Amino acid sequence: MPAGPGDGPAPPAGRRPPRRPPLGLPDPPRRPLLGLPDPRRRPPLGLPDPPLTDPAVGITLRPWRPTPGDVAALAAAWADPEIAARTAVPDDRSTAAAARWLRSEPGRRAAGTCLDLVVAPLVGPVMPAPWGDRDAVLGEVGLRNVTAGPRRAEIGWWTAPAHRGRGLAAAAVRLLAGWALSPGGGFVQVWARIDPGNRASARVAERAGFVLLGSRGGAQVWSRARG
């Protein structure tokens, strides 16, 4: 609609009026003022300190290490049909690709994009569960799709075939979500996408304190927020 009387002064001759974004769309991000932090940049994701443990279940959450054992465990997880059907795995599932992924893990944490932790046996005087070797990789739990602020993240997990059905996933998800929503983690919400037919993962989310919000994009959305 053309401007009429009372719509304000016309722009000076030879100059275009400033463009505004279409109705309903946000203004484009502005550059931060010199010397101020950029609100668009994600802060680094630090490791939980002290490490997260569940003595009753006998697990701890530790970072991945570029060791032969961790490399082999990750490559085996990528090749597992159940894990590949439920989570995103790369096309290249070789041990070389797994080694590259593990070497780049600290960089992803430093960029604030994701945090991936190994579910490992809790070493102590008494091992309440027969998890085997102290360096075994029982599974993984991690945060991804991290927003710049307020901080929200999607949580995902998998359990190695030999250790399924023992409550490991629920314990690991409960540990990481609880830390993320604490003052030390700094998140306001952690959420999970679960296939409607995956009742096992739905039970994991429920036992870890998540509530079902609804469905979106063919997946159930479960959420746990800071109280």
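The values are calculated or read from the model by the stated rules, or taken from the named source; none is laboratory data. No experiment lies behind these values; they were computed from the predicted model shown. Every residue, glycine as well, gets a Cβ built from its backbone with ideal geometry; the counts of neighbours run over all protein chains shown.
Selection of region 71-109 for residues being hydrophobic (A, V, I, L, M, F, W, C), under 21 Å from Ile155 (Cα atoms) and touching a Ser or Thr at 6+ places or on another chain (Cβ under 8 Å) yields only Ala75.
From the list Ala208, Ala180, Ala169, the one residue that fits, being out of contact with any helix residue (DSSP H, G or I) (no Cβ under 6 Å at 6 or more places or on another chain) and in contact (Cβ under 8 Å) with a residue 12 or more places away in the chain, is Ala180. Selection of strands (runs of 3 or more DSSP E) fully inside region 73-169 by the criterion of at least 1 residues being more than 26 Å from Ala225 (Cα to Cα) and modelled with pLDDT under 90 returns nothing.
In this structure, Gly217 does not qualify as modelled with pLDDT of 95 or more and at positive phi.
So which pairs qualify, if the first residue must be in region 214-225 and free of Cβ contacts under 8 Å to residues at least 24 places away in the same chain, the second must be surrounded by 15 or more Cβ atoms within 10 Å (Cβ to Cβ) and of a type outside the set (Lys, Arg), the Cβ gap must be under 9 Å, and the two must be at least 6 apart or on different chains? So the pair list comes out as Gly214/Gln220; Gly214/Val221; Ser215/Val221.
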